[in-house]
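Coordinate-derived values only; no laboratory data. These numbers were taken from a predicted model, which means no experiment stands behind them. Positions of Cβ are generated from backbone atoms using ideal geometry, with glycine treated the same way; all protein chains shown enter the neighbour counts.
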Amino acid sequence: MTESKGKIRHAGPLTLRGNAIPATTTDQRLLESRGPTDWVHADPWRVLRIQSEFVEGFGLLSELGRAVCVFGSARVKPDTEHYETGVRIGELLAGAGYAVITGGGPGIMEAANRGAQQAGGHSIGLGIELPFEQKLNDFLDMGITFRYFFVRKTMFVKYAQAFIVLPGGFGTLDELFEAITLVQTGKVTRFPVVLVGTSFWSGIRDWINETLLAEGMISPGDPDLMYLTDDPEEAVKIIQEADIQREMQEERQVEATAHDVEEASEESESRRR
Ligand SMILES: C/C(=C\CNc1ncnc2c1ncn2[C@@H]1O[C@H](COP(=O)(O)O)[C@@H](O)[C@H]1O)CO
């Protein structure tokens with residue numbers, strides 16, 4: 001705590017003299033203040049809360065290793081076809097060494113977390129605070145509940161190498177189209193988005209081809225940004241294949257950089273001679 005000594009006070013990085021010296025110290029004002037609380041709801045305070053969500057998320061997830069997000073309906077129940085597919089995908093991903101990240105809620109999220117956990121993999125839930133009572137599902141090794149959708153979405157994209165999308169409603173469509181937009185605009189590269197459930201998704205795939213593409217709203221290659229399958233094994237294989245391609249590309253880049261450096265040093269050596 002900073003003490004007032006004569007006519008000078010050091011308050012953190014500040015040096016204050018004369019009338020600029022407040023009657024109390026910063027710590028005293030912090031510990032004693034009992035004023036209006038409106039500032040808790042003001043935007044500058046929210047910015048700090050948003051920052052703290054990023055810090056918590058980065059802190060929790062940064063050492064995760066390879067991971068895949070699984071999205072899908074919050075409403076499907078255990079012992080239904082889509083739920084069982086979610087469990088199988090969780091198991092397969094865990095078996096292939098991927099951590100499984102979901103929205104941490106019920107339905108497909110729970111199914112994929114359950115599959116990952118029962119196969120001995122990492123099972124992560126990134127929940128969201130909602131207006132109604134909500135809790136993280138029971139099949140998580142690590143969970144975090146975000147206040148802000150956009151912070152949570154950053155975590156999904158930053159810490160996963162791919163998305164698998166099962167049947168779902170608006171929430172699932174939002175996650176699907178955000179991922180596709182990030183791939184389309186080059187914000188993320190080599191990021192497979194795999195839709196599982198051909199009869200559920202073929203309507204939207206046809207609309208994308210027959211309306212979006214036909215009317216020039218997207219480019220000819222854009223529909224291929226999504227893979228479509230019924231087979232959980234194939235979904236995971238697509239992701240593994242993309243991982244191999246990514247690793248090969250990274251190796252080629254490292255080799256090309258090493259080659260450039262070698263050439264540059266040979267050139268400067270020959271100029272010196
Ligand atoms: C509807 C019910 C609970 C909702 N709880 C959720 N918890 C976590 N994440 C959720 C929740 N609801 C939606 N999401 C996210 O959107 C996707 C599913 O939304 P959809 O509209 O059901 O397709 C999902 O991937 C989550 O990330 C009570 O049962």
How large, in Å, is the range 52-252 by the Kirkwood hydrodynamic radius built from its alpha-carbon pairs?
-> 16.9
Binned at 10 Å starting from 0, the alpha-carbon pair-distance distribution of the range 7-147 in whole percents comes out as 11, 28, 22, 13, 12, 10, 4, 0
Pseudo-spin-label distance residue 262 to residue 39, built 7 Å along Cα→Cβ, given in nm, is 6.1
By Cβ neighbour count within 10 Å, fewest first, 130, 140, 173, 182 rank 130, 173, 182, 140
Could you please rank 39, 45, placing first whichever residue has the fewest other Cβ atoms within 10 Å of its Cβ?
-> 39, 45
For the range 144-243, the convex hull over Cα atoms projects on average to an area in nm² of 6.9
Which FRET efficiency value, to the nearest 0.05, is calculated for residue 224 and residue 60 with the Förster distance at 35 angstrom and r the Cβ-Cβ distance?
-> 0.55
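When only C-alpha pairs under 8 Å and at least 6 residues apart count, what is the relative contact order of the range 173-256, in percent?
The normalised contact order for the range 173-256 reaches 36 percent.
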Please identify every one of the GluC sites (Glu not before Pro) in the range 146-247 that sits in a loop by DSSP and has no more than 14 other beta carbons within 10 Å of its own beta carbon.
-> 215
Listed by chain and number, the residues whose amide H is under 5 Å from that of residue 75, excluding neighbours fewer than 5 places away on the same chain and using placed H, are 108
Label-point gap, in nm, between residue 134 and residue 209 - each point 7 angstrom along Cα→Cβ = 3.6
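How big is the antiparallel share of DSSP beta bridges in the chain, given as a percent to the nearest 5?
20
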Given H placed on each backbone N at 1.01 Å, which residues far from residue 103 in sequence or on other chains put an amide H within less than 5 Å of it?
-> 126
Rounded to the nearest 0.05, what FRET efficiency do residue 247 and residue 8 have when you use their Cβ-Cβ distance and R0 = 51 Å?
-> 0.25
Partner lysines whose C-alpha sits under 24 Å from that of residue 135, ignoring same-chain residues fewer than 8 away, are 77, 153, 158
Would you kindly derive the ³J(HN,Hα) couplings of the range 160-165 from the backbone phi angles with the Karplus curve 6.51 cos²θ - 1.76 cosθ + 1.60 (θ = phi - 60°), listing them in order in whole Hz, with x for Gly and Pro?
-> 10, 9, 6, 10, 10, 10
